[in-house]
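Beneath this line is the structure, given in C-alpha cells, with notes to follow.
No value in this document is a laboratory result; all are computed from the given coordinates. The structure displayed is predicted, hence computed values, not measured ones. We place every Cβ from the backbone using ideal geometry, glycine too, and count neighbours over all the protein chains shown.
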Amino acid sequence: MLNEGRFFVINVSPVLIRRTKRSEASKRIAVPFDIHRLFIEEGYDFIDDIIWEKPEGAGWATGRGRRFAADRNPLQYKPVPVTEYILVYRKHTDRLIDWNIRSFPDQDIVARSKIDDDYERINIWKIMPAHDKKHPAIFPRELAERVIKYYSFIDDVVLDPFAGIGTTGHATIVQNRRFVLVDQESSYIDEIRSRAKFWWD
C-alpha cells in the first residue's frame, strides 16, 4: 500500500473499559503499545512518538481520579488522562529519508512543500480537542493538518482507513494534498459526502 520509505501515522490512546458494577474494577487497555508491536511485526520502522496534550481538565469526563480526589488514599491514585499518542512509522527500507526527497519526481513540489519557520520543535503538541455530535471520538483538524504537512508532499495522496466523518479529508484539502477515505459505517460515509461539498470553499 505505501511506497518504499513513506509514512504511516496513527493517533491512539489507552482505552478505558468501565466497570459494569461496583464490585468490579474498571480496566485500562494499553492500546498504543499493542499497536506498536503489530507495526514492528508488519515490517515498519518506528520513527517518533508525539504526545498530543489537551488542556487541563479535558479528561475529567472519564471519571478517572475522582475517587482519589475524594479519599486521597495510597493505591487509589489514577491521574486524569489529558494526552494521546501520535505514533509515526516508516515502511521499512534500507534507504535514508533523504532518498525519498531526492528521488521524488517533481523537485518543484518538494521545494513548495518545505515547512515554514513556525513549526513544532518538540514532541509535545498542545492542541484543543474537538467535539462533534455526529461522531463520538473525532480529533481536531489542526492535528491532522500538522501530520499531513510534516509527513507528505504537496499533491500526495493521503489515506485514512478509519475516516469517521472526514476530518483527515478536510485537512488534506487545506494542505493541498489529495485523499482516500475509508469507513465501514454508512452513516459516516453519508456525512463525509455531505461535508465534502464545502471543503474547497
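Work out, step by step, the length gained on full extension between TYR150 and SER186: first 0.36 nm times the residue separation, then minus their alpha carbon distance; give nm to one decimal. Intermediate values should be presented prior to the final figure.
Numbers: separation 36, 0.36 × 36 = 12.96 nm, distance 3.07 nm.
Contour length minus Cα-Cα distance gives 9.9 nm.
Lys pairs in the chain, Cα-Cα under 20 Å, at least 8 apart or on separate chains: how many?
Summing the qualifying lysine pairs gives 10.
So, R0 is 25 Å and r is the distance between the beta-carbons of ASP48 and LYS78; what FRET efficiency does that work out to, to 0.05? Please list the in-between numbers first.
Values: r = 27 Å, r/R0 = 1.10.
E(calc), rounded to 0.05, equals 0.35.
What is the sum of charges around ILE50, taking Lys and Arg as +1, Asp and Glu as -1, for the other residues whose C-beta is under 15 Å from the C-beta of ILE50? Walk me through the numbers on the way to the answer.
Values: positive: LYS54, ARG90, ARG121, LYS126, ARG146, LYS149; negative: ASP48, ASP49, GLU53, GLU84, GLU120, GLU142, GLU145.
Every neighbour counted, the sum reads -1.
For region 75-201, rounded, prolate or oblate, judged on the Cα gyration tensor with a ≥ b ≥ c (square roots of eigenvalues), a/c < 1.5 rounded, else prolate if a/b > b/c?
Numbers: a/c = 1.88, a/b = 1.22, b/c = 1.55.
Oblate is the answer for region 75-201, as a/c is 1.5 or above yet b/c matches or exceeds a/b.
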